[in-house]
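Notes follow the structure.
The values are calculated or read from the model by the stated rules, or taken from the named source; none is laboratory data. Note that the structure is predicted; figures quoted are calculated from it, not measured. Reconstructed Cβ throughout: ideal geometry from the backbone, glycine too, with neighbour counts over all protein chains shown.
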Amino acid sequence: MIEVRDLHMHFGGFRAVDGASLTIEKGTITGLIGPNGAGKTSLFNCIAGVLTPTSGHVFFDGEEITGMKPHNLFHKGILRTFQIAHEFHSMTCRENLMMVPAGQHGETLWNTWFGRKRIADEERALRAKADEVLEFLTIEHISDLKAGEVSGGQKKLLELGRTMMVDAKMVFLDEVGAGVNRTLLYTIGDAIKRLNVERGYTFCMIEHDMDFIKQLCDPVIVMAQGSVMATGTADEIMSNEQVIEAYLGTGVKNKKKESAS
Amino acid sequence: MDFLNALVAFTNFVIVPASAYGAQLAIGALGVTLIYGILRFSNFAHGETMAFGTMVVLLVTGLFQQWGISLGPLPTALLALPFGIAAAAALVLFTDKTVYKFYRRVKAAPVMLVIVSMGVMFMMNGILRMIIGTDDRRFADGERFIIRARDFKEWTGLSEGLAIRTTQVLTIVVALITVALLFWFLNKTRTGKSMRAYSDNEDLALLSGINPERVVMITWLVVAALATVAGTLYGLDKSFKPFVYMQLLLPIFASAIVGGLGSPLGAIAGGFVIAFSEITLTYAFKKVVTYLGPDGWSPDGLVQLLSTDYKFAVSFAILIIVLLFKPTGLFKGKSV
């Protein structure tokens, strides 16, 4: 679905992404792990159009999307969430969700003044959809709160909800579990799984929590020093000597041994 | 002691003019605050945008007067207002395309954009002078007063008169309509919400499929309309002089900052705070104090806190106090 070919992203002399190549298959939940500074977020930014890569190519269903602007990628169904949850803080959670579908009728200046009826119908449909999404994520109780005032974990769920307002095909999640408590993490994981199974979303997620990865992701891609180091199932990765050396540390190995003995 | 006369004098010389001036500042500050919230820089060319819009209104008004078109008791300038807005919109969209767009693309720092807008200000200023010169012009016509001082005295039998000019009432009415429309637009329409979303969080707005160029364009259109309305109201109330609009920049920025940059509600509150402080501090209270004091006594001096020459110092002082003690302003805008 997404193919990245020999991607480079250099900031001055610093090579954040240095010749990364990977594929994300349709219908998978692909995990992307690696030590800090491995270039995971830069890679995300390159794919999602926030950064224009120095060189290399990104393909989406065979079509080249390298260097496309974020709002254009959005129309293709490629969405992302942020490591630190972003929200429109002065609007309510419901309004936040209702912002999402682009190309709404009320978006042109002309229709704002002269197409009131159609806009009203559209808004009603959106509102119903937003409520449905909030219910799906089990956060309907915050729908009328200002998005700037809800907890960090709820903002993360809201980010996930944003992708559900349109028919997203490919969603990039940047550390969706960071700074979220266990219970909420479970809710988020559950929502991701259900979206994947029930609605056919393809996910690619950066994550540090190996248990979370193991629960959700297959395959897992390991990045180090700007390029891909290994690819495989979570179990394969966790027993890969090279990966343990570079990222997981010997703790995992010992734990493995303990559980084996 | 004559409380009623004192009140009338105070209303006549402080409350009425300050309300009108406050409304003008508020609409001016709304433009500044919108640019700051959405395009993320302080637009120094705002005063010139106001002057340009007003100039076109003035020229079209002249044309209408020649053709004998008028609004009866209301100033003809109201009819010319749409033309001024259209011209100001064309001007700002042109500058955006030729100047600001480049700096947005290279993601220039806000400070750089401020300097750029200063350059734009000088350019616009030059263009204005070339077209209309630097003279003082009056273009208010129609009925001059709603209540005349003499009539008021006759009706009430008070020795102090109250005069309310058409332009003052007009300023407040037009300001109310403008503000109501703007808030309806920002809060209720999809386009306005996109603008607020873009102001809240640019990255997210982009990733939610909001087209940034369209948001920027609509912002400029709204700002051009606000600037022209503010400039015209000010020009009607006082007179049109290109240079004055550049000086107005200080109280306008002070209003926007006092209210909290990026907050439309704050801009309105800020406008009135600045206007009332400026006029109260520079008003000579001699008359009011004379009425309030014992019979036959009057103060020797003017009982004026500051000479009117220092009226801009008031905005400046308030600006500094706010920046020192509450940098986000009254309504929690973005800190500068």
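Can you name the residue in the stretch B:26-60 that is of a type outside the set (A, V, I, L, M) and within 13 Å of B:Val216 (Cβ to Cβ) and, of all such residues, is surrounded by the fewest Cβ atoms within 10 Å (Cβ to Cβ)?
Among residues in the stretch B:26-60 that are of a type outside the set (A, V, I, L, M) and within 13 Å of B:Val216 (Cβ to Cβ), the one surrounded by the fewest Cβ atoms within 10 Å (Cβ to Cβ) is B:Arg40.
Looking at the stretch A:195-224 only, could you name the residues that are under 15 Å from the mean Cα position of the chain (by Cα) and either in a helix (DSSP H, G or I) or farther than 19 Å from A:Lys26 by Cα (or both)?
If the condition is that a residue be under 15 Å from the mean Cα position of the chain (by Cα) and either in a helix (DSSP H, G or I) or farther than 19 Å from A:Lys26 by Cα (or both), then A:Leu195, A:Asn196, A:Glu207, A:His208, A:Phe212, A:Ile213, A:Leu216 are the ones that fit.
Of everything in the stretch A:141-161, what is among the charged types (D, E, K, R) and crowded, with 16+ Cβ neighbours inside 10 Å? Give them in sequence order.
Selection gives A:Lys146, A:Lys155, A:Lys156, A:Glu159.
Just one of (1) surrounded by 24 or more Cβ atoms within 10 Å (Cβ to Cβ); (2) hydrophobic (A, V, I, L, M, F, W, C); (3) closer than 30 Å to B:Gly119 by Cα trips up B:Ala9, so point out which.
Going through (1) surrounded by 24 or more Cβ atoms within 10 Å (Cβ to Cβ); (2) hydrophobic (A, V, I, L, M, F, W, C); (3) closer than 30 Å to B:Gly119 by Cα one by one, B:Ala9 breaks only (3).
Being buried (at least 22 other Cβ atoms within 10 Å of the Cβ), farther than 23 Å from A:Lys169 by Cβ and of a type in the set (Gly, Ala, Ser) narrows it down to one residue among A:Gly34, A:Gly12, A:Gly49, A:Gly19; which is it? Spell out how you get there, then give the answer.
Values: A:Gly12 fails: buried (at least 22 other Cβ atoms within 10 Å of the Cβ); A:Gly49 fails: farther than 23 Å from A:Lys169 by Cβ; A:Gly19 fails: buried (at least 22 other Cβ atoms within 10 Å of the Cβ).
On inspection, the qualifying residue turns out to be A:Gly34.
A quick yes/no check of all residues on (1) acidic (Asp, Glu); (2) under 18 Å from the mean Cα position of the chain (by Cα):
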residue: A:Ile47; (1), (2): no, yes
residue: A:Thr52; (1), (2): no, no
residue: A:Glu64; (1), (2): yes, no
residue: A:Pro70; (1), (2): no, yes
residue: A:Leu73; (1), (2): no, yes
residue: A:Arg80; (1), (2): no, yes
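Anything in the stretch B:200-209 that is within 7 Å of chain A (Cβ to nearest Cβ) and within 16 Å of B:Gly37 (Cα to Cα)? List them, or say none.
B:Asp200, B:Asn201, B:Asp203, B:Leu204, B:Leu206
Among residues belonging to the stretch A:83-101 that are at pLDDT below 85 and either more than 7 Å from chain B (Cβ to nearest Cβ) or surrounded by fewer than 16 Cβ atoms within 10 Å (Cβ to Cβ) (or both), point out the one that is nearest to the chain's Cα centre (by Cα).
Step by step, filter the stretch A:83-101, then rank; the result is A:Gln83.
Which of the residues that make up the stretch A:162-194 are under 22 Å from A:Ile2 (Cβ atoms) and surrounded by fewer than 16 Cβ atoms within 10 Å (Cβ to Cβ)?
Those that are under 22 Å from A:Ile2 (Cβ atoms) and surrounded by fewer than 16 Cβ atoms within 10 Å (Cβ to Cβ): A:Asp167, A:Lys193, A:Arg194.
From the set of residues in the stretch A:52-71 that are surrounded by 18 or more Cβ atoms within 10 Å (Cβ to Cβ) and among the β-branched types (Val, Ile, Thr), which is nearest to the other protein chains (Cβ to nearest Cβ)?
A:Ile65
Name, by its number, the condition in (1) within 23 Å of B:Val173 (Cα to Cα); (2) crowded, with 21+ Cβ neighbours inside 10 Å; (3) modelled with pLDDT under 90; (4) out of contact with any Lys or Arg (no Cβ under 8 Å at 6 or more places or on another chain) that does not hold for B:Lys188.
(2)
Yes or no: A:Ile33 touching a residue at least 60 places away in the same chain (Cβ under 8 Å), within 13 Å of the chain's Cα centre (by Cα) and away from chain B (no Cβ under 14 Å)?
Taking the combined requirement at face value, the residue does not satisfy it.
Please verify whether B:Leu221 is farther than 23 Å from B:Thr95 by Cα and either more than 14 Å from every other protein chain (Cβ to nearest Cβ) or assigned to a helix (DSSP H, G or I) (or both), treating the condition exactly as stated. Can you show your working first?
Values: farther than 23 Å from B:Thr95 by Cα: no; either more than 14 Å from every other protein chain (Cβ to nearest Cβ) or assigned to a helix (DSSP H, G or I) (or both): yes.
Taking the combined requirement at face value, the residue does not satisfy it.
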